[in-house]
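Following: one structure in C-alpha coordinates, then a few remarks.
The values are calculated or read from the model by the stated rules, or taken from the named source; none is laboratory data. Owing to the predicted nature of the structure, the values given are computational and were not obtained by experimental measurement. Cβ placement follows ideal geometry from the backbone for every residue including glycine, while neighbour counts extend to all protein chains displayed.
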Amino acid sequence: MTRLLIVVVVTALLAGLFWFGITASQGRAIGPTQLGRVMPDFSRPVFARYQAEFGETLSLPTGKPVVVSFWASWCGPCHAQAPTLEAAWRRYRDQVLFIGVNTQDRGNERQAEAFLNQSGITFPNVKDLDNRLGVDYGLFGVPETFFIRRDGTLQHRHAGPITTAQLSAQLEELLQ
(Lines give C-alpha, C1' and ligand atoms only; values in the text may rest on other atoms or scores of the structure.)
Protein backbone atom coordinates (compact mmCIF):
# COMPACT_ATOMS: atom_id res chain seq x y z
CA MET A 1 0.00 0.00 0.00
CA THR A 2 2.81 2.42 0.91
CA ARG A 3 4.61 1.58 -2.31
CA LEU A 4 1.48 2.31 -4.37
CA LEU A 5 1.02 5.64 -2.59
CA ILE A 6 4.62 6.63 -3.36
CA VAL A 7 4.16 5.75 -7.04
CA VAL A 8 0.92 7.76 -7.23
CA VAL A 9 2.47 10.81 -5.52
CA VAL A 10 5.61 10.75 -7.69
CA THR A 11 3.51 10.33 -10.85
CA ALA A 12 1.26 13.23 -9.85
CA LEU A 13 4.28 15.46 -9.14
CA LEU A 14 5.89 14.61 -12.47
CA ALA A 15 2.63 15.22 -14.32
CA GLY A 16 2.27 18.59 -12.57
CA LEU A 17 5.81 19.63 -13.47
CA PHE A 18 5.29 18.52 -17.07
CA TRP A 19 2.03 20.49 -17.33
CA PHE A 20 3.64 23.57 -15.79
CA GLY A 21 6.55 23.32 -18.22
CA ILE A 22 4.23 23.16 -21.20
CA THR A 23 1.91 25.99 -20.17
CA ALA A 24 4.38 28.34 -18.48
CA SER A 25 6.33 29.36 -21.58
CA GLN A 26 3.78 29.22 -24.36
CA GLY A 27 4.10 32.21 -26.60
CA ARG A 28 5.61 34.75 -24.26
CA ALA A 29 8.40 37.22 -24.59
CA ILE A 30 11.39 36.79 -22.33
CA GLY A 31 12.29 39.59 -19.94
CA PRO A 32 14.86 42.27 -20.66
CA THR A 33 17.77 40.66 -18.81
CA GLN A 34 19.57 39.59 -22.00
CA LEU A 35 18.25 42.21 -24.39
CA GLY A 36 21.04 44.25 -25.94
CA ARG A 37 23.77 41.68 -25.30
CA VAL A 38 26.05 40.67 -28.14
CA MET A 39 24.97 37.24 -29.31
CA PRO A 40 27.63 34.56 -29.70
CA ASP A 41 28.75 33.87 -33.24
CA PHE A 42 28.68 30.29 -34.41
CA SER A 43 29.70 28.06 -37.27
CA ARG A 44 27.36 25.12 -37.72
CA PRO A 45 26.93 22.50 -40.43
CA VAL A 46 24.12 23.27 -42.86
CA PHE A 47 21.62 20.56 -43.81
CA ALA A 48 22.54 19.16 -47.24
CA ARG A 49 19.40 20.51 -48.95
CA TYR A 50 20.58 24.12 -48.32
CA GLN A 51 24.30 23.75 -49.03
CA ALA A 52 24.17 24.71 -52.73
CA GLU A 53 22.81 28.15 -51.82
CA PHE A 54 24.30 28.76 -48.36
CA GLY A 55 27.46 26.62 -48.18
CA GLU A 56 28.46 23.74 -45.92
CA THR A 57 28.60 25.80 -42.73
CA LEU A 58 26.78 28.94 -41.68
CA SER A 59 27.73 31.70 -39.25
CA LEU A 60 26.02 34.87 -38.09
CA PRO A 61 26.51 37.52 -40.76
CA THR A 62 27.74 40.98 -39.87
CA GLY A 63 25.73 44.00 -40.90
CA LYS A 64 22.47 42.13 -41.54
CA PRO A 65 19.61 41.45 -39.12
CA VAL A 66 19.05 37.79 -38.31
CA VAL A 67 16.16 35.70 -37.01
CA VAL A 68 17.40 32.51 -35.36
CA SER A 69 14.71 29.93 -34.70
CA PHE A 70 15.47 26.82 -32.63
CA TRP A 71 13.34 23.73 -33.34
CA ALA A 72 13.20 19.96 -32.94
CA SER A 73 11.55 17.36 -35.16
CA TRP A 74 9.37 16.01 -32.34
CA CYS A 75 8.07 19.46 -31.33
CA GLY A 76 4.41 20.00 -32.28
CA PRO A 77 4.51 23.81 -31.88
CA CYS A 78 7.63 23.86 -34.11
CA HIS A 79 5.63 22.15 -36.86
CA ALA A 80 2.76 24.59 -36.32
CA GLN A 81 4.91 27.72 -36.62
CA ALA A 82 6.95 26.57 -39.64
CA PRO A 83 4.54 28.07 -42.23
CA THR A 84 4.60 31.40 -40.36
CA LEU A 85 8.40 31.53 -40.44
CA GLU A 86 8.53 30.47 -44.09
CA ALA A 87 6.04 33.16 -45.14
CA ALA A 88 8.06 35.82 -43.30
CA TRP A 89 11.29 34.55 -44.86
CA ARG A 90 9.79 34.84 -48.34
CA ARG A 91 8.66 38.39 -47.60
CA TYR A 92 11.83 39.66 -45.87
CA ARG A 93 14.62 37.49 -47.30
CA ASP A 94 16.38 40.42 -48.99
CA GLN A 95 16.52 42.33 -45.70
CA VAL A 96 16.78 39.69 -42.96
CA LEU A 97 18.52 36.32 -42.80
CA PHE A 98 16.48 33.56 -41.19
CA ILE A 99 18.39 30.62 -39.73
CA GLY A 100 16.69 27.52 -38.40
CA VAL A 101 18.62 25.59 -35.76
CA ASN A 102 17.80 21.93 -35.26
CA THR A 103 18.51 21.06 -31.65
CA GLN A 104 17.67 18.23 -29.27
CA ASP A 105 17.47 15.74 -32.16
CA ARG A 106 20.76 13.99 -31.48
CA GLY A 107 20.86 10.75 -33.44
CA ASN A 108 17.61 11.55 -35.26
CA GLU A 109 18.91 13.33 -38.35
CA ARG A 110 16.41 11.43 -40.52
CA GLN A 111 13.54 12.81 -38.46
CA ALA A 112 15.00 16.32 -38.75
CA GLU A 113 15.25 15.89 -42.54
CA ALA A 114 11.64 14.65 -42.60
CA PHE A 115 10.55 17.75 -40.67
CA LEU A 116 12.25 19.98 -43.25
CA ASN A 117 10.72 18.01 -46.14
CA GLN A 118 7.25 18.17 -44.64
CA SER A 119 7.41 21.86 -43.70
CA GLY A 120 8.79 23.07 -47.03
CA ILE A 121 11.15 25.51 -45.31
CA THR A 122 13.48 27.23 -47.80
CA PHE A 123 15.58 29.32 -45.40
CA PRO A 124 18.85 27.75 -44.26
CA ASN A 125 18.82 25.33 -41.36
CA VAL A 126 21.84 24.19 -39.37
CA LYS A 127 22.53 21.29 -37.04
CA ASP A 128 23.21 21.82 -33.34
CA LEU A 129 23.62 18.15 -32.50
CA ASP A 130 25.74 18.78 -29.41
CA ASN A 131 23.34 21.54 -28.24
CA ARG A 132 26.31 23.88 -27.75
CA LEU A 133 24.60 26.71 -29.63
CA GLY A 134 21.47 26.21 -27.53
CA VAL A 135 23.56 26.52 -24.37
CA ASP A 136 25.41 29.59 -25.71
CA TYR A 137 22.08 31.26 -26.47
CA GLY A 138 20.54 30.27 -23.12
CA LEU A 139 17.83 28.26 -24.82
CA PHE A 140 14.80 27.52 -22.62
CA GLY A 141 13.17 25.05 -24.99
CA VAL A 142 11.71 24.73 -28.45
CA PRO A 143 10.46 26.54 -30.32
CA GLU A 144 12.37 29.65 -29.39
CA THR A 145 13.15 32.59 -31.67
CA PHE A 146 15.90 35.22 -31.37
CA PHE A 147 15.87 38.55 -33.22
CA ILE A 148 19.41 39.86 -33.69
CA ARG A 149 20.19 43.39 -34.86
CA ARG A 150 22.72 44.34 -37.54
CA ASP A 151 25.32 44.99 -34.83
CA GLY A 152 24.91 41.46 -33.43
CA THR A 153 22.96 42.45 -30.31
CA LEU A 154 19.76 40.78 -29.15
CA GLN A 155 16.66 42.84 -29.85
CA HIS A 156 14.03 40.33 -28.75
CA ARG A 157 13.67 36.75 -27.65
CA HIS A 158 10.44 34.81 -27.95
CA ALA A 159 9.80 31.50 -26.19
CA GLY A 160 7.10 29.24 -27.57
CA PRO A 161 5.30 29.30 -30.89
CA ILE A 162 5.27 32.70 -32.56
CA THR A 163 2.26 34.12 -34.37
CA THR A 164 2.28 36.02 -37.64
CA ALA A 165 1.43 39.26 -35.81
CA GLN A 166 4.22 38.80 -33.25
CA LEU A 167 6.75 37.92 -35.94
CA SER A 168 5.76 40.85 -38.17
CA ALA A 169 5.99 43.32 -35.28
CA GLN A 170 9.47 42.13 -34.33
CA LEU A 171 10.67 42.16 -37.94
CA GLU A 172 9.44 45.71 -38.46
CA GLU A 173 11.26 46.80 -35.30
CA LEU A 174 14.37 44.89 -36.37
CA LEU A 175 14.45 46.78 -39.67
CA GLN A 176 14.20 50.27 -38.15
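Cβ-Cβ distances below 8 Å connect the following pairs, each with a first residue in the stretch 153-176 that is within 17 Å of Ala87 (Cα to Cα), a second residue that is in a loop (DSSP other than H, G, I, E, B) and modelled with pLDDT under 95, and a separation of six or more residues or different chains: Pro161/Gln26; Pro161/Gly27; Ile162/Gly27; Thr163/Gly27; Gln166/Gly27. Annotation: of all residues in the stretch 39-61 being among the aliphatic types (A, V, I, L, M) and not in a loop (DSSP other than H, G, I, E, B), the one that is surrounded by the most Cβ atoms within 10 Å (Cβ to Cβ) is Leu58.
For first residues located in the stretch 82-97 and more than 11 Å from Thr164 (Cβ to Cβ), partners that are part of a helix (DSSP H, G or I) and lie 6+ apart or on another chain with Cβ distances below 6 Å form the pairs Ala82/Ser119; Tyr92/Leu171. Looking across the stretch 55-71, the residues that are more than 11 Å from Gly100 (Cβ to Cβ) and within 19 Å of the chain's Cα centre (by Cα) come down to Thr57, Ser59, Leu60, Pro61, Lys64, Pro65, Val66. Count of the stretch 121-174 residues, restricted to those that are within 13 Å of the chain's Cα centre (by Cα) and of a type in the set (Ser, Thr, Tyr), is 2. Considered as a group, the residues in the stretch 62-111 that are surrounded by 18 or more Cβ atoms within 10 Å (Cβ to Cβ) and small (Gly, Ala, Ser) include one that is nearest to Ala169 (Cα to Cα), and that residue is Ala88. If the condition is being touching a strand residue (DSSP E or B) at 6+ places or on another chain (Cβ under 8 Å) and at pLDDT below 80, then the stretch 28-72 contributes Arg28, Ala29, Ile30. Restricting Ile121, Ile162, Ile148 to residues that are closer than 17 Å to Phe42 by Cβ and at pLDDT 95 or above narrows the list to Ile148. Could you check the stretch 91-110 and list, in sequence order, the residues that are of a type outside the set (A, V, I, L, M, F, W, C) and either within 28 Å of Leu35 (Cα to Cα) or touching a Phe, Trp or Tyr at 6+ places or on another chain (Cβ under 7 Å) (or both)? Residues satisfying the conditions are Arg91, Tyr92, Arg93, Asp94, Gln95, Gly100, Asn102, Thr103, Gln104, Asp105.
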